[in-house]
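The values are calculated or read from the model by the stated rules, or taken from the named source; none is laboratory data. Keep in mind the model is a prediction, meaning the values are calculated, not measured. With ideal geometry, Cβ positions are generated from the backbone for all residues, glycine too; neighbour counts draw on all protein chains shown.
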Amino acid sequence: MKLNIDGLLVYFPYDYIYPEQYSYMLELKRTLDAKGHGVLEMPSGTGKTISLLSLIVAYQKAYPLEVTKLVYCSRTVPEIEKVVEELRKLMDYYTKQTEAKNDFLALALSSRKNLCIHPEVSALRFGKEVDGKCHSLTASYIRAQHHSNPSQPVCQFYEEFDAVGRQVPIPPGIYNLDDLKDFGRRKGWCPYFLARYAILHANIVVYSYHYLLDPKIADLVSKELAKKSVVVFDEAHNIDNVCIDSMSVNITRRTLDRCQTNVETLQNTISRIKETDAAKLREEYSRLVEGLKEANVARETDMYLSNPVLPDEILQEAVPGSIRTAEHFVGFMKRFLEYLKARLRIHHVVQESAPQFLKDIYEKVCIDRKPLRFCAERLRSLLRTLEIADIADFSAITLISHFATLVSTYSKGFTIIIEPFEDRTPTIANPVLHFSCMDPSIAIKPVFGRFQSVIITSGTLSPLDIYPRILDFRPVTVASFTMTLARTCLCPLIVGRGNDQVAMTSKFETREDFAVIRNYGNLLLEMSAIVPDGIVAFFTSYIYMENIVASWYEQGILENIQRNKLIFIETQDAAETSMALEKYQEACENGRGAILLSVARGKVSEGIDFVHHYGRAVIMFGVPYVYTQSRILKARLEYLRDQFQIRENDFLTFDAMRHAAQCVGRAIRGKTDYGLMIFADKRYARADKRGKLPRWIQEHLTDGSLNLTIDETVQLGKHFLRQMAQPFRQEDQLGLSLLTLEQLQSEDMLQKIAQIAQQA
Amino acid sequence: MDEEPERAKRWEGGYERTWEVLKEDESGSLKASVEDILFQAKRKRVSEGHGQVRLGMMRHLFVIIDSSRSMEDQDLRPNRLTSTLKLMEFFVEEYFDQNPISQIGIITTKNKRAEKLTDLAGNPKKHLAALKKAVDSTCVGEPSLYNSLNCVALPSGTEIKEILVIFSSLTTCDPANIYELIKTLNALKIRVSVIGLSAEVRVCTILTRETGGSYNVILDESHFKELLMLHVKPPPASSSSECSLIRMGFPQHVIASMSDQDAKPSFSMSHLDSTGEPGLTLGGYYCPQCRAKYTELPVECKVCGLTLVSAPHLARSFHHLFPLEAFQETPLEEYEGERFCEACQGELKDKSVFTCLACKKVFCVECDLFIHDTLHCCPGCMQTDRTS
């Protein structure tokens, strides 16, 4: 249907529209008009993706000079594929309606592993291996060698692409990863480099977060994206953690050992080259004197060694004299390495800031701040000069050099924690140096700074005001949308007590309590008797789950549950978990019924949807607080308090509640779906917890569903499930939660729609 | 069933929050509650049922009753099993009342097995006796959907066209892939309907969708009864089934008195296979073809295979052939005229009124449903017929 959104003609590829989609598009339009950033929360299953795409594409078509590009960031490859498929539907609709030829170019970009078509390289199993192998075939000096020595293998796909690919633009259309591969095969071009080149002039790019947020990659892939782009982060409820992870470095003794060997290899290579080709090293030296401006010449293929965000002025400067010659640099690295080794030989925990660390290193081994800053860039240059092909081996020293650059560049927002052993195994010495980023805004700042509109959206972003604070930006729109429903298809219940009136909670003091564990078991048992097909239960941690399940086994609860349903358990092993998932779905499908025990923050809680019968109930045992004793977390909390005036408790609760919402949200994936959401902890009933749930869940949480006993839960659950099992057709939704064009245009519907969005 | 009020008793209905229902109605954005939708569905059924469709008049129905552990649940009083069996008795009576020339069979499933309670037969007495007896049986283990469907579908082959499953459990213990069986059922054109007692189970959804049956889940006992009664009415015949002429016999009832010298007491053929109370009787129905004697109708002649019915029986199922046309629905505001229902004489208060197209009399919602579901003829038209 064709919609008029605030004066903009939007083509929407479906016959019906949800009221909240309309409202969402209105808000989005306002954000784009203001050329600002936005935070939008809308429940999953209400068609966020298509709303985003149709509005932004319409905007691009209407104002081609205002918005030139859409950069859509998603988390996983399947999600990326899903977005591209929606886009394809939209574009088909456009061509059908306007009968004009499609001149849009949209493509997905992923890692080499997903895009490589080289017969040998693509057969490799791990991403790192593929990258390494690809590098050894396409690096600039390898190709230079190939010129003089044709027996040196190169990748014919890349050669072909390099020869002609850049001149011939990729024809407009929608390309997902497979389409790119097909296109590459047909032309004999490398799809990966083709895609990376094509994103520069594509209208829509769909790729993973990391291409924008991880400074090591972003610098290469996304550097030349136009300022007039709209950037969308979908499923962005964890964006702060992604930012932090991309800037943090962990160094163990093993890393250092491997680094040691790297340094030795470097040294040997240098001395060998010195004998054979001293001119080369001299040439490098003079280049370094001139500074790092040359940077981009052959960088495209030498991807790993790019530096983390270096301030521009550094690139203008010359590399300091002390590390300019190759031997000196290796010597420098050796010294740095020895220093790190010495630091790891400790028996107590040390925590210090970056300036402290720099001062200490200066005192102990006389390493200045300046050469440290150039470490990453210098190493990159050296590796290129030495023509070392198999770069994967050098990951350890690369990591160390990144660390050196980061620690000397940022004095704020980072902390260094050296622990002699892991928290959970206090007897086994396993020293780790955490260089931990505490400020997610550091990684994302360039994104907000550079692009005119950045949209952060997800099903669970509540409380909305916290994201702008921790990411340090000023949004022009902050809105939360509810799900309009023809029937109340979600039923959140807070269970606070067992039938024996013992409070149910995973609070640290009582979590080992026999009565609590038994009540949790009874809850699961009772639910397994009334909920059809699949139940997903989430625990706060693996350890807690193991304890509880063991205890249930001893009490015979497990045996009783198994009479109703089969039990599957998520483990830390990915293969085992996917096996369990598969069997779980099979059991749901054929009527046997199953329970999946899993862990909040685990793989299941984030990426896997339990549509319809795969998840008729979700039970959240306890409040999924992050492990609060971790020093990294403590440091981060302190930083948040000092810098952003966010109290520790607020942040912890926010973090726990967003994960709880994520977990329970797994069950409802659309308006025809239905499911029970059971929060089994009395602490959920408190206003500070409840208030942090997304609005679309809170709305259905009445006073009558707080602090229930198990019996009451069973009663309510039974009633709900029976109600939901009544026949429900599309006509029932029409006019209420599903609108035709005429219905949408009626006056009172527009009024109702205005209420859907709640501005924070 | 007379003592059962419209809805289950208040204290049995769980935690009902009437104030919440009220609130939902007012708030606007969320007002369509499930009950509203249900009511719409009910109306729709009435108006839909009377299209020009062919109905299968001779039905062969198997009812599968779940007797697993979950039947001991007490959310229906006194428990699910007793309640179900009681309703089943009522159903069997009603079934034969409305479909006099049809047959029924009953199967129970528990402990992963299926067990035939009664074989396919056209005589309500045997079924009722079996149902009464089944009340005392214990409910154990899990049901097996596969075994019970298999038990029906395979041996009796093409004869069976309908299966009704009353499914209480949320799990089924199957020895093989049930989806294969569903394919077979589909190929045999067997329609499987399910009435769920607890919640919607995926496998039943698929089963009914694939075989073209209906799937409903009960809300309370009165709803259960309602759903069960839906299956009393014959379903539309599948288009592929041919029109075939069926030979039927209309035996005369011969009454002989003891004083008559020629009359000799004889055994009825229907006592051949039943173990209970064989007796010599004087009168009975005699098959017009082979003169075999039966005490009850309808029945299939044991000797020559002729279907024996009585004319009134056949006539009773006529209302399926000449259904009462749906009444026209008009909103109350638009309706002008006297504001009371022709049938119950109550004041018209509902949102809409219903007008009979033939006699132009108006009725309220409840009466409309009653007329179409039970009476099958319009009281207004009857009156005008008589007076004219």
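Could you tell me how many of the residues in region A:147-161 are more than 19 Å from A:S122 (Cβ to Cβ) and either at pLDDT 85 or above or not in a helix (DSSP H, G or I) (or both)?
If we filter region A:147-161 for residues that are more than 19 Å from A:S122 (Cβ to Cβ), which is where we start, we get A:147-152.
So of that shortlist, the ones also either at pLDDT 85 or above or not in a helix (DSSP H, G or I) (or both) come out as A:149-152.
Adding up the residues that qualify gives 4.
State the number of residues belonging to region A:75-90 that are assigned to a helix (DSSP H, G or I) and within 26 Å of A:C243 (Cβ to Cβ). Residues flagged as assigned to a helix (DSSP H, G or I) and within 26 Å of A:C243 (Cβ to Cβ) within region A:75-90 amount to 8.
If I filter region A:1-24 down to residues being polar (S, T, N, Q) and in a helix (DSSP H, G or I), which single residue comes out as nearest to the chain's Cα centre (by Cα)? Give the steps one after another, and end with the answer.
Taking region A:1-24 first, the residues polar (S, T, N, Q) are A:4, A:21, A:23.
Retained after the next criterion (residues that are in a helix (DSSP H, G or I)): A:21, A:23.
Details: A:Q21: 24, A:S23: 27 Å.
Across region A:1-24, the extreme among qualifying residues is A:Q21.
Residue count for region A:121-160 under the criterion of being closer than 19 Å to A:G188 by Cα, under 30 Å from the mean Cα position of the chain (by Cα) and surrounded by fewer than 13 Cβ atoms within 10 Å (Cβ to Cβ): the result is 1.
Contact annotation: no residue pair with Cβ atoms under 6 Å, 6 or more positions apart or on different chains, pairs a residue in region A:480-497 that is facing another protein chain (nearest Cβ under 7 Å) and at pLDDT below 85 with a partner that is part of a loop (DSSP other than H, G, I, E, B) and crowded, with 24+ Cβ neighbours inside 10 Å.
Looking across region A:344-356, the residues that are assigned to a helix (DSSP H, G or I), out of contact with any Phe, Trp or Tyr (no Cβ under 9 Å at 6 or more places or on another chain) and closer than 22 Å to A:T252 by Cβ come down to A:L344, A:Q356.
Go through region B:157-169 residue by residue and tally those that are out of contact with any Gly (no Cβ under 6 Å at 6 or more places or on another chain) and either within 12 Å of chain A (Cβ to nearest Cβ) or closer than 27 Å to A:K565 by Cα (or both).
First pass over region B:157-169, keeping only residues out of contact with any Gly (no Cβ under 6 Å at 6 or more places or on another chain): B:157-166, B:168-169.
So of that shortlist, the ones also either within 12 Å of chain A (Cβ to nearest Cβ) or closer than 27 Å to A:K565 by Cα (or both) come out as B:163-166, B:168-169.
Summing the residues that are out of contact with any Gly (no Cβ under 6 Å at 6 or more places or on another chain) and either within 12 Å of chain A (Cβ to nearest Cβ) or closer than 27 Å to A:K565 by Cα (or both) in region B:157-169 gives 6.
Within region B:349-388, being assigned to a loop (DSSP other than H, G, I, E, B) and either surrounded by 17 or more Cβ atoms within 10 Å (Cβ to Cβ) or of a type in the set (S, T, N, Q) (or both) holds for B:C356, B:K361, B:C364, B:C378, B:S388. Any residue in region B:69-79 that is surrounded by fewer than 19 Cβ atoms within 10 Å (Cβ to Cβ) and in contact with a strand residue (DSSP E or B) (Cβ under 9 Å, 6 or more places away or on another chain)? Among the residues of region B:69-79, not one is surrounded by fewer than 19 Cβ atoms within 10 Å (Cβ to Cβ) and in contact with a strand residue (DSSP E or B) (Cβ under 9 Å, 6 or more places away or on another chain), which makes the answer no.
Tallying residues that are more than 9 Å from chain A (Cβ to nearest Cβ) and in contact with a Lys or Arg (Cβ under 7 Å, 6 or more places away or on another chain) within region B:198-213 yields 3. Do we have any residue at all in region A:694-705 that's basic (K, R) and within 30 Å of A:A529 (Cβ to Cβ)? Within region A:694-705, none of the residues are basic (K, R) and within 30 Å of A:A529 (Cβ to Cβ). Residue-level check: of (1) modelled with pLDDT of 85 or more; (2) surrounded by fewer than 18 Cβ atoms within 10 Å (Cβ to Cβ), A:K113 misses just (2). Listed by first and then second residue, the pairs with beta-carbon distance under 6 Å, at least 6 apart or on different chains, first residue in region A:31-48 and of a type in the set (G, A, S), second modelled with pLDDT of 90 or more and part of a strand (DSSP E or B), are A:A34/A:V476; A:G36/A:V476; A:G38/A:I455; A:G38/A:P475; A:G38/A:T477.
Can we say B:V165 is in the same structural domain as B:H223 (by the TED database) and in a loop (DSSP other than H, G, I, E, B)? It is false that B:V165 is in the same structural domain as B:H223 (by the TED database) and in a loop (DSSP other than H, G, I, E, B). The criterion of at least 3 residues that are within 19 Å of A:L70 (Cα to Cα) is met by the following helices (runs of 4 or more DSSP H) wholly inside region A:173-219: A:191-198, A:210-213. With respect to the conditions (1) modelled with pLDDT under 80; (2) in contact with a helix residue (DSSP H, G or I) (Cβ under 9 Å, 6 or more places away or on another chain); (3) closer than 18 Å to B:I246 by Cβ, B:C287 lacks only one, and its number is (1).
When A:F421 is tested against the conditions (1) more than 30 Å from A:L281 (Cα to Cα); (2) out of contact with any Pro (no Cβ under 9 Å at 6 or more places or on another chain); (3) aromatic (F, W, Y), the lone failure is (2). When every residue of region A:221-234 is checked against the conditions, none turns out to be in contact (Cβ under 8 Å) with a residue 40 or more places away in the chain, in a helix (DSSP H, G or I), of a type in the set (D, E, K, R) and assigned by the TED database to the domain that holds A:E86.
If the requirement is being on the phi < 0 side of the Ramachandran plot, crowded, with 19+ Cβ neighbours inside 10 Å and under 24 Å from the mean Cα position of the chain (by Cα), which of these qualifies: A:L177, A:L200, A:L194?
Working: A:L200 fails: crowded, with 19+ Cβ neighbours inside 10 Å; A:L194 fails: under 24 Å from the mean Cα position of the chain (by Cα).
None of the other options fit; the residue is A:L177.
Among B:L181, B:L185, which is surrounded by fewer than 21 Cβ atoms within 10 Å (Cβ to Cβ) and either more than 20 Å from B:V92 (Cβ to Cβ) or more than 9 Å from chain A (Cβ to nearest Cβ) (or both)? Working first, answer last.
On the way: B:L185 fails: surrounded by fewer than 21 Cβ atoms within 10 Å (Cβ to Cβ).
Exactly one of B:L181, B:L185 is surrounded by fewer than 21 Cβ atoms within 10 Å (Cβ to Cβ) and either more than 20 Å from B:V92 (Cβ to Cβ) or more than 9 Å from chain A (Cβ to nearest Cβ) (or both), namely B:L181.
Among the residues of region A:107-124, those that are touching a strand residue (DSSP E or B) at 6+ places or on another chain (Cβ under 9 Å) and assigned to a loop (DSSP other than H, G, I, E, B) comprise A:L109, A:S110, A:S111.
If a residue must be assigned to a loop (DSSP other than H, G, I, E, B) and surrounded by 23 or more Cβ atoms within 10 Å (Cβ to Cβ), how many such residues does region B:200-230 contain?
Restricting attention to region B:200-230, the residues satisfying the condition of being assigned to a loop (DSSP other than H, G, I, E, B) are B:200-201, B:212-214, B:218-220.
Filter once more, so that each one left must be surrounded by 23 or more Cβ atoms within 10 Å (Cβ to Cβ): B:200-201, B:218.
The total comes to 3.
In region A:719-740, the residue that is farthest from the other protein chains (Cβ to nearest Cβ) out of those that are surrounded by fewer than 14 Cβ atoms within 10 Å (Cβ to Cβ) and either among the aliphatic types (A, V, I, L, M) or assigned to a helix (DSSP H, G or I) (or both) is A:Q730. Screening B:V140 against (1) within 14 Å of chain A (Cβ to nearest Cβ); (2) crowded, with 18+ Cβ neighbours inside 10 Å; (3) in contact (Cβ under 8 Å) with a residue 40 or more places away in the chain leaves a single unmet condition, (2). Being out of contact with any Lys or Arg (no Cβ under 9 Å at 6 or more places or on another chain), hydrophobic (A, V, I, L, M, F, W, C) and away from every other protein chain (no Cβ under 12 Å), is that true of even one residue in region B:214-231? For region B:214-231, residues out of contact with any Lys or Arg (no Cβ under 9 Å at 6 or more places or on another chain), hydrophobic (A, V, I, L, M, F, W, C) and away from every other protein chain (no Cβ under 12 Å): present. Of the residues making up region B:323-346, at least one is of a type in the set (S, T, Y) and over 30 Å from B:D119 (Cβ atoms).
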